[in-house]
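A short worksheet on the structure shown next.
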Protein chains: 2
Amino acid sequence: MGPHAAPFDRPEYDRRLVAAREAMARAGIDLLFVTDPSNQNWLTGYDGWSFYVHQGVILPMEGAPVWWGRLQDTAGAQRTVWMGEDRILGYDDHYVQSTTRHPMQDLAARLIGMGQGGGRIGVEMDNYYYSAKAHAVLETALPQATLIDATALVNWCRLVKSAPEIAMMRRAARISETIARLAIELAEPGLRKNDLVGEVMRAAMRGVGEDWGDYAAIVPLMPSGADASAPHLTWNGEEMKRGEATFFELSGCVRRYHAPLCRTVHLGQPPAEMVSASEALCEGLEAGLDAARPGNTAQDIAAALHAPLKRIGIHRPNRCGYPVGLSYPPDWGERTASLRKGDLTVLEPGMTFHFMPGIWMEGWGLETTETILIREAGPAETLCDLDRKLFVKP
Amino acid sequence: MGPHAAPFDRPEYDRRLVAAREAMARAGIDLLFVTDPSNQNWLTGYDGWSFYVHQGVILPMEGAPVWWGRLQDTAGAQRTVWMGEDRILGYDDHYVQSTTRHPMQDLAARLIGMGQGGGRIGVEMDNYYYSAKAHAVLETALPQATLIDATALVNWCRLVKSAPEIAMMRRAARISETIARLAIELAEPGLRKNDLVGEVMRAAMRGVGEDWGDYAAIVPLMPSGADASAPHLTWNGEEMKRGEATFFELSGCVRRYHAPLCRTVHLGQPPAEMVSASEALCEGLEAGLDAARPGNTAQDIAAALHAPLKRIGIHRPNRCGYPVGLSYPPDWGERTASLRKGDLTVLEPGMTFHFMPGIWMEGWGLETTETILIREAGPAETLCDLDRKLFVKP
């Protein structure tokens, strides 16, 4: 196996195919077309920054999956997927970002050529990067087929992680701890935010020991002061200031597996409301970890978290977490269950979540989070090892 | 203006609105809904890593645009867009990645409430991140409207850059040069690829002088040896080896503006075929730059490039470039014109392209590229200043 070869052995991929096909059978789908880059990787190992053009994995009920994409990217497929070259198909370059042709015309012709142009074909209607146009073209070009919405069908199969997947996430967690510690250590008044991001990224790429760092599916989010009232600002060239909190939302990444971790640093004495919010948040996290055990539901975690926050008057209607693992930009979440009221997903051993209760207030924000693993019994395990508190520096 | 405020003045945004509305009028569109993050930023300044959920910009024919997205991200909108708070709309968190609700139901209700639920509404059918599901829900929820495909309508408006945009790209080009030089300087046998990426990312974030680095829309691509036969592999933890070429595909980024640049380094004496390919490539680049002048067409650049390559037997059917400027993951190209045979786009002063003739051969690859600006007269200007050759190190 070369350096880019699929990171798991065949039994692991076989397990995944079985799970996906069981889900297809339940949904009455004869053939599945998967565009979500993380689902493509999960099924085949395909890894490359080529998801900005149309590509996907064809999963029939029998036989190996087929990777289909731009002709020049078949070279990358040959170097990353576990299937043989006969299961890799490329379309001509004149389909790329053309105003007159569409790659889905090629896909339809391939499926018809494979005798798979009819029946019930599952497509990921609301997954990245399946566009409205791709769907319209495919529908026209496959008049014998019925296209079925299979959004998140594979994602749901990914919810319970295998032992090799958990091992990969533990390796990512070592990097997450390292870079979060570094950010906390370096934070000081006068340091430009972009310079801090640079140090964090360098450390994330260096990785830990043999585990080289891969790019995370989300860039570091690290807003300061009033900017931290917004959850998704990235950074700028401003200097860190005394009297401001900065949260760090970061993840290490090993072979596309993530273990996100957030901590907040306040430079100088933090205001009382931030201190009490942090204390309630940490109490809520502890309660949430305790509720995160097999047999309980996703909403139980949210309820446990929210109780101590509510006591100090913080109403937090947003979801407080989502499953994590294998991912590509633009999101490291898996987009299935959500830790929120009304989500009755039953927790099972091997599920992993980013338990992510950000608090975004008027004029400031606070994030203290954990990537958690549901165990066979008892409270969830946190994959990262880092003090859970508001960090205060002079 | 705060540190995150929209980077251009009002006349620049006014110019953009006029251009977009002229294009809408030509297409017979009454109202445009824009989901491409780069188009959202171009029209409003919105900047945040929130494009993993449904969001967009509503552009009516009259009045300021409206930014619409997840409620918690309206805080980020307030800090980044040039419009007032009354032009920022947020949907409830229970729409996010729900299996029972869809954010487009909220959008439809808003449009109807604004008296804009009928008529001809343009949607970006094949732009990021407008999913097949989003389209289906919107179509159902707006029975009085006709949804019109407005793919790349705004992108085409962006093709000719204004003076402030070109200035921003020149600033990005200083970072591109700096990080490409650093990669070439550091490359040596025994250096792990991920460690090299870490150094490059750190320098990219540090930026040049006052210009702090932003994240590029594509991570560094730097495959070595046989991996360089594939255009879109990223990196791994392998050490660089004598006898192998590595190409660096990189871009600096300033306020979301890019100036991509690729160079190739061979460690040790390069094989004769690579040397002659590089010479032909550089000759083709020079010829292409000369052809890249106002009045010529996009395909003229491709023809000029390909002639010397053809003479040494390299057939390169793929496009050799695309417009660049403002962008977000997953692509720094603008997805309009392509530098390839058959593209009759007439070149105009102020257009900027990544002139990108990668050569991906059996067992090796080579990339030497330039970000170019079409001038008032004469050959195109290269925005970066770095020797154009195959770099050879011991």
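The A-B contact accounts for roughly 6500 square angstrom of buried accessible surface, both chains included, probe 1.4 angstrom.
Peptide B:130-140 is shielded by partner chain Cβ atoms: per residue, an average of 6 of them sit within 10 Å of its Cβ. What's the center-to-center distance, using Cα atoms, between region A:128-174 and region B:117-187 in Å? Measuring centre to centre over Cα atoms gives 24 Å.
Here the protein assembly as shown is treated as a Stokes sphere of Kirkwood radius computed over C-alpha pairs; at 25 °C and 0.890 mPa s its diffusion coefficient rounds to 92 µm²/s.
In region B:186-221, what residues drop by 30 Å² or more of accessible area when the other protein chains are put back, versus the chain on its own? Use 1.4 Å, and skip ligands and nucleic acids. Residues meeting the cut-off: B:ARG192, B:ASN194, B:ASP195, B:GLY198, B:GLU199, B:MET201, B:ARG202, B:MET205, B:ARG206, B:TRP212, B:TYR215, B:VAL219.
Mean residue ellipticity at 222 nm from the helices of the protein assembly as shown, using -39,500 (n - 2.57) per DSSP H segment of n ≥ 4 over the full residue count, to the nearest 500 deg cm²/dmol?
The helix-only estimate for the protein assembly as shown comes to -10500 deg cm²/dmol at 222 nm.
Round to a whole number: what % of the accessible area of region B:127-275 belongs to carbon and sulfur, probe 1.4 Å? Write down the numbers at each step before the final one.
Numbers: 2290 of 4480 Å².
That fraction is 51 percent.
Using a probe of 1.4 Å on the protein chains alone, the accessible area found for A:THR100 is around 110 Å². Residues of region A:372-394 falling in the label zone of A:ARG311, defined by backbone nitrogen less than 12 Å from a point 7 Å along Cα to beta-carbon, are absent. Across peptide A:320-329, the average count of Cβ atoms from other chains found within 10 Å of a residue's Cβ is 1.
The GNM of chain A, with springs linking C-alpha atoms under 10 angstrom apart, assigns the highest mean-square fluctuation among A:ARG311, A:ARG192, A:ARG202 to A:ARG311. Measuring only protein heavy atoms, the 1.4 Å probe finds A:ARG15 accessible over about 80 Å².
Under 8 Å for C-alpha pairs, at least 6 residues apart: give me the relative contact order for chain A, rounded to a whole percent. List each step's numbers first, then the result.
On the way: 883 pairs, mean separation 56.0, N = 394.
Computed value for chain A: 14 percent relative contact order.
Once the partner protein chains are put back, region A:64-78 shows a loss of at least 10 square angstrom of accessible area, versus the chain by itself, at A:ARG70, A:GLN72, A:ASP73, A:ALA75, A:GLY76 (probe 1.4 Å, ligands and nucleic acids excluded). With protein chains left intact and a 1.4 Å probe, residues in region B:163-393 average 32 Å² of accessible area per residue. Accessible area per residue (1.4 Å probe, heavy atoms of protein chains only) ranks B:LEU285, B:LEU89 as B:LEU89, B:LEU285, with the largest value leading. Spatial offset of region A:42-59 relative to region B:193-257 amounts to 21 Å, using the alpha carbon center of each. Distances, shortest first, from the label point of A:SER162 to those at the same position in the other copies read 5.4 nm; the point lies 7 Å along Cα to C-beta.
When A:GLU283, B:GLU62 are compared by accessible area of protein heavy atoms, the largest-first order is B:GLU62, A:GLU283, using a 1.4 Å probe. Peptide B:164-177 has a mean shielding of 0, counted as Cβ atoms of other protein chains within 10 Å of each residue's Cβ.
Share of region B:1-103's accessible area from carbon and sulfur, percent, 1.4 Å?
49
Taken per residue, the accessible surface of region B:10-157 reaches 34 Å², heavy atoms only and a 1.4 Å probe. When B:VAL18, B:VAL219 are compared by accessible surface with a 1.4 Å probe, the order from highest to lowest is B:VAL18, B:VAL219. Among A:GLU334, A:GLU348, A:GLU210, the residue with the largest mean-square fluctuation in a Gaussian network model of chain A, with springs joining Cα atoms closer than 10 Å, is A:GLU210. Solvent-accessible surface, computed for protein heavy atoms with a probe of 1.4 Å, shrinks by 10 Å² or more for the following residues of region B:337-364 when the other protein chains are added to the isolated chain: B:ARG340, B:TRP360.
The values are calculated or read from the model by the stated rules, or taken from the named source; none is laboratory data. From a predicted model like this one, the values you see are computed outputs, not experimental measurements. Backbone-built Cβ (ideal geometry, glycine too); neighbour counts: all protein chains shown. The area values use the complete protein model at the heavy-atom level, side chains included, leaving out ligands, DNA and RNA. Shrake-Rupley method; radii C 1.70, N 1.55, O 1.52, S 1.80 Å.
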